[in-house]
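Just so you know, all these numbers are worked out from the coordinates, no wet-lab data involved. These figures come from a predicted structure and were not determined experimentally. Cβ placement follows ideal geometry from the backbone for every residue including glycine, while neighbour counts extend to all protein chains displayed.
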Amino acid sequence: MVGGGAGSFIGAVHRMAANLDGQIELVCGTFSSSYDNSLATGRSLYLPDNRIYKSYRDMFEAEALLPADMRMDMVSIVTPNHLHYEPAALALDNGFHVVLDKPMTFSLDEAYRLQDKVEKSGLVFALTHTYTGYPMVKEARERVARGDLGKIRRIYVEYPQGWLKDSVSEADNKQAGWRVDPQRSGIAGCMGDIGTHCYNLVSYITGLKALELCAELNTFVPGRLLDDDGAALIRYEGGVRAVLMASQITPGEENGLSIRVYGEKGGLEWHQEEPNTLIIKWNEKPKEIVRTANGYTGAAAKFNSRTPGGHPEGYIEAFANIYRNVALTIQAGMDGQQPAPEYLDFPTVYDGVAGMEFIETIVAASKNDTQKWLPIIKRK
């Protein structure tokens, strides 16, 4: 692991998720820019001192020299955005598979360079767009793909939070501090942090490609340098229209990611804060309530459900589904086998590039006072 030392929130979540299925063991790490912090974190996780490194450069170089049955196989990178590209690139250069937090990189140029490295390496690369790991999100995807809703027409996706409604500093909140700092977060604040989850969720469930958007980004907290709120109208292929909203200044909201997808025949609705339920809607008959871990769900939902129906599955399990599928894919490669299709169900470098293209486009569109539609940036 790179990052995730004492004071980190998401590092502990990654470790719990990676460990849930017994497929992944933490064997080494560099958990902080402070070696004292890193050493204390590593020791608390029962790592030997010689596998707790001062820097990720030291770790990759030293681990690459170890015998194959001892060295690390993959790395989980859980650092702020400006420290995504270099450790990911060095890991790939040294032959290690990568799991990386989102958004994928600090800039779009870095995203394209990382894509090139992944393609050249042939290694497994996963991005932790966590919400794609929920069984009912996978059920929604399957139902759209098999045509239950008919041709898709309209999509609404939103992610309201309230935790950044006031000004923050690094001293007040370490997790908030870097997210509102353009030197560490990049060109977007709220849209980079949670707007990308909305954009990715639409793509995952519908399989549609975005063509163009118009947008407004707002900064409500005085003195803040990045957006803390925004909305976009997005045109997708096939005439599909979407509304995307993300905000971190809506008091009382926690992690209210929700999506509604409407087709010619019916619609569906899913809410992250009630993740075990998928609602299917019709004009001619009552709505359906679809629940996790029941026999009537599709293959993907079944494969990614862990407990009997009625027992809550949530955020850690969704994270764990990504880690488990990555581990099974890597193991298949080690065994000289092709991974099963269900193993490959995790976000990849291409999802990361799409997210960075979205960020670049929405920031550019928000600077246009005439609300002009801008084509989604695509690599030439």
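If each residue's Cβ is checked for other Cβ atoms within 10 Å, how do CYS198, CYS214 rank with the fewest at the top?
On the way: CYS198 27, CYS214 19.
Lowest to highest Cβ neighbour count: CYS214, CYS198.
Pairs of Cα atoms under 8 Å, at least six residues apart: use those to get the relative contact order of the chain, whole percent. Provide the component values of the computation, followed by the final result.
On the way: 802 pairs, mean separation 74.2, N = 380.
Across the chain, relative contact order equals 20 percent.
For the range 123-250, what's the relative contact order in percent, using C-alpha pairs closer than 8 Å and at least 6 residues apart?
Details: 213 pairs, mean separation 41.3, N = 128.
Normalised by residue count, the contact order of the range 123-250 is 32 percent.
Provide the FRET efficiency to the nearest 0.05 for the ASP58-ASN255 pair, computing r from the beta carbons and using R0 = 41 Å.
Working: r = 36 Å, r/R0 = 0.87.
Computed FRET efficiency for ASP58 and ASN255 comes out at 0.70.
Once fully extended, how much extra length lies between VAL27 and THR307, figured as 0.36 nm per residue of separation less the alpha-carbon to alpha-carbon distance? If you can, show how the numbers build up before the last one.
Details: separation 280, 0.36 × 280 = 100.80 nm, distance 2.83 nm.
Separation in residues times 0.36 nm, less the Cα-Cα distance, equals 98.0 nm.
List the trypsin sites (Lys or Arg not before Pro) within the range 1-79 that DSSP assigns to loop and that have no more than 14 neighbouring Cβ atoms inside 10 Å. Please list the in-between numbers first.
Values: sites: ARG15, ARG43, ARG51, LYS54, ARG57, ARG71; in loops: LYS54, ARG71.
Taking the range 1-79 and a limit of 14 other Cβ atoms within 10 Å, the loop trypsin sites (Lys or Arg not before Pro) found are LYS54.
Distance cut-off 27 Å, Cα to Cα: go down the list LYS102/LYS281; LYS54/LYS102; LYS209/LYS281 and report the pairs above it. Each step should come with its number before you reach the end.
On the way: LYS102/LYS281 32 Å; LYS54/LYS102 24 Å; LYS209/LYS281 24 Å.
Result: LYS102/LYS281 exceed 27 Å.
Specify the inter-centroid distance of the range 233-260 and the range 69-146, based on alpha-carbon positions, in whole Å.
24 Å
Quick one: longest stretch of the chain between exposed loop GluC sites (Glu not before Pro), exposed meaning at most 15 other C-beta atoms within 10 Å and loop per DSSP?
On the way: sites that count: GLU25, GLU170, GLU254, GLU264, GLU273, GLU284.
Of all site-free stretches, the longest is 26-169.
Which FRET efficiency, nearest 0.05, do GLU288 and VAL243 yield, Cβ-Cβ r, R0 22 Å? Let's see the in-between values first.
On the way: r = 24 Å, r/R0 = 1.09.
Efficiency computed from Cβ-Cβ geometry: 0.35.
Which ordering of MET104, MET72, MET16 is given by a fewest-first count of other beta-carbon atoms within 10 Å?
Lowest count first: MET16, MET72, MET104.
Which log10 I(q)/I(0) values, to two decimals, does the range 274-333 give at q = 0.14, 0.19, 0.20 Å⁻¹ under the Debye formula with one point per Cα?
Treating every Cα as an identical point scatterer, log10 I(q)/I(0) equals -0.49, -0.77, -0.82.
If I take R0 = 22 Å and measure r between the Cβ atoms of ALA299 and THR277 in this structure, what FRET efficiency does the formula 1/(1 + (r/R0)^6) give, to the nearest 0.05? Walk me through the numbers on the way to the answer.
Working: r = 19 Å, r/R0 = 0.88.
After rounding, the FRET efficiency stands at 0.70.
What is the range 232-380's relative contact order, in percent, from Cα pairs under 8 angstrom and six or more apart in sequence?
In percent, rounded to a whole number, it is 10.
What is the magnitude of the charge dipole of the range 211-297 about its Cα centre, with +1 placed on the Cβ of each Lys and Arg, -1 on the Cβ of each Asp and Glu, and no other charges, expressed in debye to the nearest 20? Don't jump to the answer; show the numbers that get you there.
Values: 9 positive and 14 negative charges, 82 e Å.
Taking the Cα centre of the range 211-297 as origin, the dipole is about 400 debye.
Points 7 angstrom from Cα along the Cβ direction at GLN337 and MET70: gap in nanometres?
My value for the distance between the label points is 2.9 nm.
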